[in-house]
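Structure first, commentary second.
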Amino acid sequence: MPFNTDPAECRLEEARRLLVIRWRDGHESHYPFDDLRKVCPCADCRTAKSPQGGLQVLAGPVVRRGEIRILQVSPVGRYALSFKWSDGHSTGIYSFDFLRQLCPCDACRSGAEE
Ligand SMILES: [Zn+2]
Ligand SMILES: [Zn+2]
């Protein structure tokens, strides 16, 4: 892992609809709720979005931009977070490795191509 994946602080910014994680190396990542919900790594959501166009699960995520909210953030052991979403979903486990790689800032996006 090229990045530090140890979070120092994690907070919700309801007004801007962002999850903010500050990492121990000082970097701060801002994740829009919509994007986080879309990449939910749980089996249900992955199946529903299968790019092969195979099995479609009707109970999968129905995401309308600007609607989804995180109601609660819970730590999963020391390696991950889980979110309680306003659509009732809560089975996704977002590891810090995953989240760090997901950081949408320019620096991380360009660094990811190296
Ligand atoms: Zn999910
Ligand atoms: Zn970043």
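Which members of the stretch 88-106 meet the condition of being more than 16 Å from ligand 1 (Cβ to nearest atom) and in contact with a strand residue (DSSP E or B) (Cβ under 9 Å, 6 or more places away or on another chain)? Within the stretch 88-106, 96, 97, 100, 103, 104, 105 qualify. Scanning the stretch 32-45 for residues that are open to solvent by 50 Å² or more (accessible area, probe 1.4 Å) and in contact (Cβ under 8 Å) with a residue 60 or more places away in the chain yields a single hit, 35. Taken over the stretch 22-31, the criterion of being touching a Leu at 6+ places or on another chain (Cβ under 7 Å) and surrounded by fewer than 16 Cβ atoms within 10 Å (Cβ to Cβ) is satisfied by 30 alone.
The values are calculated or read from the model by the stated rules, or taken from the named source; none is laboratory data. Just so it is clear, the structure is predicted and the values come from calculations on it, not from any experiment. Counting neighbours? That spans all protein chains shown, and the Cβs are built from the backbone with ideal geometry, glycine included. Note: areas computed on protein heavy atoms with side chains; ligands, DNA, RNA excluded. Shrake-Rupley method; radii C 1.70, N 1.55, O 1.52, S 1.80 Å.
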